[in-house]
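Student: Please find one structure pasted underneath; my questions will follow.
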Amino acid sequence: MTVIRSAIEQSLIVLNRTNDSMDAVTRRISTGKKINAPEDDPVLWASAEKGRSIAEYLSAVNNSLEAVAISIRGADLTMETIGKHVDQMIEAVKNYPPYPSGDTSAERAKFLDSFNGIRRMIDDLTLPPRDDLGQYIMADPGSLVEPVDTWSVVIDEEGRVRTIQKQEVHTGPAGLDIPELSEGDITTTGLPGGPLDEAKLNDIIANLERAQETLSERRSGLASDAAGIARAKAFNDRVATFYTTFAENVEQADTDEAGAQATSLELKRELAIEALNSITSMHSELVGLLR
């Protein structure tokens, strides 16, 4: 009797394990995943979750980098506009005076107002709102409540940082260095109303051309930083895709294999049930004989 009871217990254990395995395989077939919970495979589950976590973090990093890229594009467009304003200033100086021997105080005043007005427009373009770091890097630090020398941004899952360099393009000495003009700056005497000094006008043009070169160099520096941000974003996209695919592959079930396992387990369950029935029947017969 003890042997038969032990056989029944072993058959029940086999049947229960087979049923558990069948439930797991059925879930794989219905959900397409071989890992639905940590208990299915703790090691693979942890690997998949880590992969997804890295991919999500990189997505957040790239959202931040996209905001940086937008600010840089805005700064680049501003620099383009400033370049056009410098061109206007050069043209204004080259074309003044329209009548060398007959300029009047009114014409000089109009020229100076135009020149200095464009200069003010350049500075206005570099005065940023408080939340735009793209504008901050172009501005005169002396005009800012909280000066910003550099702009550091996280670029990958390891926390590495790229620094966006300051590119001052205001009209001050540290920027494009375009001084405001007075009437004395364009005369031979240095006094208002004096004769025009062609050498001084040529010096002003040369200074503005140097400002153009400075602007071009700093715009190139900004473009280099923009390219670095773009490369970081592209790399992060590839890494995030790798980890997402890895997590999906770890969890994804081979439905053909799962189907074959289901067929095998169904046969194993039928055999276990048949064996249990045989042992139970044998136990009943034995009990009858002993009466």
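None of the figures in this text is laboratory data; all of them are computed from the coordinates on show. Quantities reported herein were computed from a predicted structural model and do not represent experimental measurements. For neighbour counting, all protein chains shown are included, and Cβ atoms are generated from backbone atoms with ideal geometry for every residue, glycine included.
Student: If you rank LYS84, LYS233, LYS50 by fewest surrounding Cβ atoms within 10 Å, what's the result?
Tutor: LYS84, LYS50, LYS233
Student: Could you please rank PHE235, PHE111, placing first whichever residue has the fewest other Cβ atoms within 10 Å of its Cβ?
Tutor: Starting with the residue having the fewest Cβ neighbours, the order is PHE235, PHE111.
Student: Tally Lys/Arg at +1 and Asp/Glu at -1 over every other residue whose Cβ is under 14 Å from the Cβ of GLY184; what's the total?
Tutor: My count for the surroundings of GLY184 gives -3.
Student: Calculate the FRET efficiency for LEU201 and THR81 from the Cβ-Cβ distance with a Förster distance of 30 Å, rounded to the nearest 0.05.
Tutor: 0.75
Student: Quick check: net charge around THR171, other residues with Cβ under 12 Å of its Cβ, Lys/Arg +1 and Asp/Glu -1?
Tutor: Net of charged neighbours comes to -4.
Student: How large is the Kirkwood hydrodynamic radius of segment 59-222, counting all unique pairs of alpha carbons, in Å?
Tutor: Taking the inverse mean of 1/r over all distinct Cα pairs, segment 59-222 comes out at 17.5 Å.
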